[in-house]
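Report on the structure given below.
The numbers here are math on the coordinates, done by the rules we state, and not lab data. Bear in mind that the values here come from a model prediction, so they are computed numbers and not experimental data. Here the Cβ positions follow ideal geometry from the backbone for every residue, glycine too, while neighbour counts run over all protein chains shown.
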Amino acid sequence: MRPSGRQTNEMREVSIETDVTMHAEGSCLIKCGNTHVLCTATIDERVPPFLKNSGLGWVTAEYGMLPRATNTRMRRESKNGQSGRTQEIQRLIGRSLRAGVDRVALGERQIVIDCDVIQADGGTRCASITGGWVALKLAVQKLMKAGDVISDPLVDPVAAISCGIYAGQEVLDLDYPEDSEAGVDGNFVMTAGKLVEVQMSAEGSTYSRAQMDALLDLAEKGVAELTAAQLAAVS
């Protein structure tokens, strides 16, 4: 039995509220159970120096957790400097979102996705990728409406979900109690039925090829549900 009472293939309740901030070109608040992440997209007509005069656009991301996103207060990273975990997660978000972008169609501009975790209960990087795509899509819609972009540069939605082995069972969408005790933990980033990135590790246990295939099947189910929620949010 899972701590939440969910079935092994059952996700937490997902909601995506759009246009939650006044100034950002795209924004949403994504809630995956008790994990809540604010995602905003900012359009910058400049690109990083290595892309200047290339004709290619760029999508990058920043990620952070508010001090009381967790059960005890964390010091703000602005005081201590970014942790290695934060740097790894924001790089993951950026390259995941770029996997679904036609950078020629985007034009020589940059879109920055900011993901701020308001409340954490497992799966914050996956929620950030999923919500980050929604914010990105909304910003691109504004570019297209203004005529700054002719064809939609977002080829496919990009979403992410965690799966793992908890109490000997393959389970979908781990919350914190499961994530902290899981024998195997994995994050699956996907677009249009194809893998973008898989982060998977054994946590004091090992897993078989059959178990990995079962986790991938669960991930495909979860990403399909998330993609439906994304498209509903931006339609």
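Side notes on the structure shown:
- Rounded to the nearest 500, the 222 nm mean residue ellipticity of the chain from helices alone is -10000 deg cm²/dmol, with -39,500 (n - 2.57) taken per DSSP H run of at least 4 residues.
- Convex hull of the chain built on C-alpha atoms - directionally averaged projected area, nm²: 13.3 nm²
- Sum of side-chain charges, ARG85 neighbourhood, beta-carbon under 13 Å (Lys, Arg +1; Asp, Glu -1): 0
- Each Lys or Arg adds one and each Asp or Glu takes one away; over the other residues whose Cβ falls under 13 Å from the Cβ of ASN9, this sums to -2.
- Peptides 132-138, 164-170, 57-63 ordered by average Cβ neighbours within 10 Å, highest first: 132-138, 57-63, 164-170
- Highest average packing first - 17-23, 181-187, Cβ atoms within 10 Å: 181-187, 17-23
- For GLN119 and GLN211, a Förster radius of 30 Å and the Cβ-Cβ distance give a FRET efficiency of 0.45, rounded to the nearest 0.05.
- Two tests apply to each whole DSSP H helix in the chain, Cα reach of 30 Å or more along its axis and mean Kyte-Doolittle hydropathy of at least -1.0, and the ones passing both are 124-145, 209-234.
- Cβ crowding within 10 Å averaged over residues, with 108-116, 224-232 ranked highest first: 108-116, 224-232
- Beta bridge orientation in region 14-234: antiparallel %, DSSP, nearest 5: 85 percent
- Taken along its principal axes, the alpha carbon cloud of region 57-157 reaches lengths of 47, 22, 21 Å, longest axis first.
- Entry note: region 96-213 has Rg to Rh equal to 1.08, where both radii use alpha-carbon atoms and Rh is the Kirkwood radius.
- Among residues other than CYS115 with Cβ under 13 Å from its Cβ, the summed charge is -1 (Lys and Arg +1, Asp and Glu -1).
- ASN9-SER235 FRET efficiency (beta carbon distance; Förster radius 22 Å; 0.05 resolution): 0.25
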